[in-house]
Amino acid sequence: MNVTQVTNGADAARNKGHSLCAADRREITVKGVSEVLSFDETLVRLVTVCGILNLEGEDLRVHVLDLKEGVVVVEGLLCGVLYEDLSSSAETTTNSPARGKIRARRLFR
């Protein structure tokens, strides 16, 4: 007997893990994405299994969006990558805007 499991975007992303690949800072492939929070020319915000991912850059465009597979491809000039913990993204801190929030940050300029 064959059993097929149907999953939503969050389940599919969680099962496939997370990766981020930037080719020449022009094409960014992100796997393990469960939701797109927002995007414009300078910022793409994604929910991944490793937290909220902010892609900062210039002329950013979401080229591929497949939440069933948990894959997003962004084209444009990548200038920075910022991860936020999922638990702290809902909190508003008065002491420090970055307290408990930033896991890793890398700026390319």
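Where a number appears in this text, it was derived from the coordinates with a stated rule and is not lab data. Since the model is a prediction, treat every value here as computed from it, not as a measurement. Cβ atoms come from the backbone with ideal geometry, glycine included; neighbour counts cover every protein chain shown.
Some notes on this structure:
- The stretch between S38 and K16 holds 5.7 nm of extra length on full extension. This uses 0.36 nm per residue minus the Cα-Cα distance.
- The simple Förster model, with R0 at 25 Å and r as the Cβ-Cβ distance, assigns R26 and E69 a FRET efficiency of 0.70.
- Annotation: extensible slack from C79 through V62 equals 4.6 nm (criterion: 0.36 nm per residue apart, minus Cα-Cα distance).
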